[in-house]
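The values are calculated or read from the model by the stated rules, or taken from the named source; none is laboratory data. Everything numeric here is computed off the predicted structure, so don't read it as measured data. Glycine also receives a Cβ, built like all others from the backbone with ideal geometry; neighbour counts cover every protein chain displayed. Just the protein is used for accessible areas: all its heavy atoms, side chains included, with ligands, DNA and RNA removed. Shrake-Rupley method; radii C 1.70, N 1.55, O 1.52, S 1.80 Å.
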There are 2 protein chains.
Amino acid sequence: MPRFDPNFTDNVINSMGPKTTPRFRQLMTGLIRHVHDFARENELTVDEWMAGVKLLNWAGQMSDDKRNEGQLVCDVIGLESLVDEITYTLANEAPDAPTATAILGPFFRADTPYRDNGANIVLTPPPDGEMAFMHGQVVDFATKEPLVGATVEVWQASTNGLYEQQDPKQEEFNLRGKFKTDEQGRYSFYCLRPTPYPVPDDGPAGKLLELMDRHPFRPAHIHIIATYDGYKPLTTQIFDSKDKYLTNDSVFAVKDSLIVDFVPRKDDPQAGLELNYDVKLVRAPAN
Amino acid sequence: MPRFDPNFTDNVINSMGPKTTPRFRQLMTGLIRHVHDFARENELTVDEWMAGVKLLNWAGQMSDDKRNEGQLVCDVIGLESLVDEITYTLANEAPDAPTATAILGPFFRADTPYRDNGANIVLTPPPDGEMAFMHGQVVDFATKEPLVGATVEVWQASTNGLYEQQDPKQEEFNLRGKFKTDEQGRYSFYCLRPTPYPVPDDGPAGKLLELMDRHPFRPAHIHIIATYDGYKPLTTQIFDSKDKYLTNDSVFAVKDSLIVDFVPRKDDPQAGLELNYDVKLVRAPAN
């Protein structure tokens, strides 16, 4: 005889009525099955479940327009990075799907201004910032031909771990900009060498990290979107190969292919470091 | 080649440090594996995940001293009833485990007063209430011998669906009481025929019910705890066999063995209904 009612989970799933949409029915069926299996396999007690309920309620109570603690709780167990990967995969398989824009992350700004190649996006220089010159070429993945007039958009946090819209001390559009590639398909700008920063750890996500004996740091990174008519847009983050959190990102966003080297730059009074990063775009299927 | 990184979930699990407790490591390992499997199997998109995050944050924002919406969200997917069943099973297997007291539910009060057999627990009679006389015998499960001086404790909601501590219009300890069995092992009291009530449906739990095309009603029930020295305590709910929500409890707490019949009672000016409910207690193993 099974220790727990073998029909219970099916009864809960079958309680859904006929007006449930097919997708919602699918998601709730999968969610209920996994949550119940988790509880049975681990013999979750009422006290343990209630501790989880309290933690989730606390996440909601901490959340407001400026902070999404429920999201952060998901991030520290890898869920945001995983749904990012899934959504990218679906977008690649069906590039016209509307989900393709969902993976920009919370700090993207659609109204970021264009700047000239060679411009400096560090409008509010932090005293502890290291300047870097970032440049590269946007090319067709298959033919290696340069793509002239492609758009490269970037954004990064300052050395205090804050993006400009989180930090009243940073000038608007600090550390972000859009660039058009020149006749050789080249873009370039001055930016900060990105620096690691901790995710906020004064709430339930921080409590989970503590209980899992983990640190809250994210490795340094720069966000990039590259677009060109007729090509699949590329949305990505690049990570500094020297970063100590590269192999233990608290939100699990690092992929090997996204690790880049900052190298010393000579004879440039504006920057002691340089990063060469070429972008390869894949032609979109004709509609 | 797999569509999604096959090492991702193990990487997240293996990020836990050595100071994690064994039980927390077990629970987080199971939780992360099931949440990730759920996301991959159903190809959960960023937009769908974010809708879930918003719903959970909303639950926390609605919760306070008087309302636990995170708990209710779990209830409507059967999780509370399931962890109840698990906790009961563990308590039966190891009756001295501290979890045995966790399954009393949110409306139990440890300071409920003793009343004489035959007393009326309806201190604040609702105009639409039906009075019932509930009585029975507490016996040894094996020998059928009556247990003299056993404690039977009961509590129930009023016809508005509220327990006395939720409703300032009900007298303190309304619809609850403790009784000692007499020399025949008998207990008795007057109470209300319990009535069905909806769980609060103005928040995320209600939204989930709506999206799953389900109603919010719970079938009518009375909570009971019976205890006697040297015997395993019994904590349970009994359900009215005439209730229309018996087969579709919104929180999935009904078990067949807990369904009881209210029958007409003659020649009693205090009650038109009667319920005979005997309690069988199992001797606890000697320590």
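For the range A:184-211, which positions are touching a residue at least 60 places away in the same chain (Cβ under 8 Å) and among the aliphatic types (A, V, I, L, M)? Matches in the range A:184-211: A:Leu192, A:Val199, A:Ala205, A:Leu208, A:Leu209.
Condition check ((1) at pLDDT below 85; (2) of a type in the set (Gly, Ala, Ser); (3) not assigned by the TED database to the domain that holds A:Thr236) across all residues:
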residue	(1), (2), (3)
A:Asn57	no, no, yes
A:Asn68	no, no, yes
A:Gly78	no, yes, yes
A:Leu82	no, no, yes
A:Leu104	yes, no, no
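Within the range B:18-29, residues that are more than 7 Å from chain A (Cβ to nearest Cβ) and free of Cβ contacts under 8 Å to residues at least 12 places away in the same chain have Cβ atoms under 9 Å from residues that are open to solvent by less than 80 Å² (accessible area, probe 1.4 Å) and in a helix (DSSP H, G or I) in these pairs: B:Thr21/A:Leu211; B:Arg23/A:Glu48; B:Arg25/B:Ile13, counting only partners at least 6 apart in sequence or on another chain.
With respect to A:Pro264, determine if the residue is farther than 25 Å from A:Asp111 by Cβ, of a type outside the set (Phe, Trp, Tyr) and open to solvent by 30 Å² or more (accessible area, probe 1.4 Å). Taking the combined requirement at face value, the residue satisfies it.
Does at least one position in the range A:171-180 carry a residue that is assigned to a loop (DSSP other than H, G, I, E, B), under 30 Å from B:Leu27 (Cα atoms) and in contact with a helix residue (DSSP H, G or I) (Cβ under 9 Å, 6 or more places away or on another chain)? No: the range A:171-180 contains no residue that is assigned to a loop (DSSP other than H, G, I, E, B), under 30 Å from B:Leu27 (Cα atoms) and in contact with a helix residue (DSSP H, G or I) (Cβ under 9 Å, 6 or more places away or on another chain). Residues in the range A:217-228: is at least one within 14 Å of chain B (Cβ to nearest Cβ) and of a type in the set (A, V, I, L, M, F, W, C)? Yes, there is a match, as at least one residue in the range A:217-228 is within 14 Å of chain B (Cβ to nearest Cβ) and of a type in the set (A, V, I, L, M, F, W, C).
Can you name every residue in the range A:175-199 that is more than 19 Å from the chain's Cα centre (by Cα) and either surrounded by fewer than 23 Cβ atoms within 10 Å (Cβ to Cβ) or among the basic types (Lys, Arg) (or both)? Result: A:Lys180, A:Asp182, A:Glu183, A:Gln184, A:Gly185, A:Arg186, A:Ser188, A:Phe189, A:Tyr190. Entry remark, the range B:239-287: residues being polar (S, T, N, Q), farther than 23 Å from B:Pro146 by Cα and free of Cβ contacts under 8 Å to residues at least 60 places away in the same chain number 3 in total. Of the candidates B:Ala157, B:Ala142, the single residue that is assigned to a loop (DSSP other than H, G, I, E, B), of a type in the set (A, V, I, L, M, F, W, C) and under 22 Å from the mean Cα position of the chain (by Cα) is B:Ala157.
Only one entry in B:Asp5, B:Asp111, B:Asp75 is open to solvent by 30 Å² or more (accessible area, probe 1.4 Å), more than 8 Å from every other protein chain (Cβ to nearest Cβ) and of a type outside the set (Val, Ile, Thr), namely B:Asp111.
Remark: pairs (first residue in the range B:119-145, hydroxyl-bearing (Ser, Thr, Tyr); second residue open to solvent by less than 60 Å² (accessible area, probe 1.4 Å) and not in a strand (DSSP E or B); Cβ separation under 7 Å; 6+ apart in sequence or on different chains) = B:Thr124/B:Gln170; B:Thr124/B:Asn174.
Among residues that are over 25 Å from B:Pro233 (Cβ atoms), at pLDDT 95 or above, out of contact with any helix residue (DSSP H, G or I) (no Cβ under 6 Å at 6 or more places or on another chain) and assigned by the TED database to the domain that holds B:Arg115, B:Glu153 is not included. The set of residues in the range B:143-158 that are crowded, with 21+ Cβ neighbours inside 10 Å and aliphatic (A, V, I, L, M) comprises B:Leu147, B:Ala150, B:Val152, B:Val154, B:Ala157. Is it the case, given these coordinates, that A:Pro233 is in contact (Cβ under 8 Å) with a residue 40 or more places away in the chain and under 17 Å from the mean Cα position of the chain (by Cα)? Yes, satisfied.
In a strand (DSSP E or B) and within 14 Å of chain A (Cβ to nearest Cβ) - does that describe any residue in the range B:183-198? No; the residues of the range B:183-198 include none that is in a strand (DSSP E or B) and within 14 Å of chain A (Cβ to nearest Cβ). Out of all the residues in the range A:233-283, which are in contact with a helix residue (DSSP H, G or I) (Cβ under 7 Å, 6 or more places away or on another chain) and within 14 Å of chain B (Cβ to nearest Cβ)? Passing the criteria: A:Thr235, A:Ser250, A:Val251, A:Phe252, A:Ala253.
Checking each residue in the range B:41-67 for being in contact with an Asp or Glu (Cβ under 9 Å, 6 or more places away or on another chain), at the interface with another protein chain (Cβ under 7 Å from one of its Cβ atoms) and open to solvent by 40 Å² or more (accessible area, probe 1.4 Å) picks out B:Trp58, B:Gln61. Of all residues in the range A:20-40, those that are β-branched (Val, Ile, Thr), open to solvent by 20 Å² or more (accessible area, probe 1.4 Å) and part of a helix (DSSP H, G or I) total 2.
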